[in-house]
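Input: a single structure, listed below in C-alpha cells.
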C-alpha cells in the first residue's frame, strides 16, 4: 500500500540528518586523533609529475668532447703539450750532461812512445835498437864516421857515457862541475866545438869523441880506463 507523502518527507529528513551527523562525527574524530585532513592525504597521495627527460640535443651536448666541440682549441692544446715535452727533454739532457761532466774524470795522457828505429838502425849495448833522432844515434854515426867498428859504440861508448851522465845533455856534477853527456871538466871546454855546448847534444858528442880519440885512442880504451879508475 503506498505510503502517505508526509511519511516520505519524514524519512527523507531523517536520512539527511543522519548523513550530516556522520560527517560531523568524522571531522571531530580526525581533529581529536591528529590525523590529517583527508583532502591533504588525498593530495599527498597524488603521483608526482615525472621529470622531463633530457632532449636529444642535451644528450649530444653532454657527451660531446671538448676536442669535437672546438678543434682549434684541441690543436692549441696539442702544440702546448708538445712544446712542454720538448722543453722537459732538453732540460733532462742538459742536467744529465752536467752530472756526467762532474762524474767523469779526465783521463791521464798516455806517455809518448819512443820513436821507432829506422830500418837497418844499429842496436845499442843492451841489444835494443838505437832510437832514431836520439843522442845515441848521433854518437853512433860519429863513431862509424871515424872508421871505428860499431862495437866501439855498443860495447864501450854507450856504457861509458851511460855511467857518466845517463846520456843527459843537461847533466852537471854537483861536486866537480863536470857538464853534459861526456862530463867535460870544466864544461866550457866544449865551446871549442860550438857556442851552444850547454844545450846541443851533438856539439857535446863531437867534443867528447875528439877528446877520447886524442887521449885514449878509441872508445873502448876510454871505457877500460874508466872501469879501472872510475874516471876517464
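The values are calculated or read from the model by the stated rules, or taken from the named source; none is laboratory data. Just so you know, these numbers come straight off a predicted model, no measurement behind them. Cβ atoms come from the backbone with ideal geometry, glycine included; neighbour counts cover every protein chain shown.
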Taking the residues in segment 144-172 that are assigned to a loop (DSSP other than H, G, I, E, B) and touching a helix residue (DSSP H, G or I) at 6+ places or on another chain (Cβ under 6 Å) as candidates, determine which candidate is surrounded by the most Cβ atoms within 10 Å (Cβ to Cβ). 169
Taking the stated definitions as given, is residue 214 in contact (Cβ under 8 Å) with a residue 24 or more places away in the chain and in a helix (DSSP H, G or I)? no
So which pairs qualify, if the first residue must be in segment 117-142 and assigned to a helix (DSSP H, G or I), the second must be surrounded by 15 or more Cβ atoms within 10 Å (Cβ to Cβ) and at pLDDT below 65, the Cβ gap must be under 8 Å, and the two must be at least 6 apart or on different chains? 136/124; 140/122
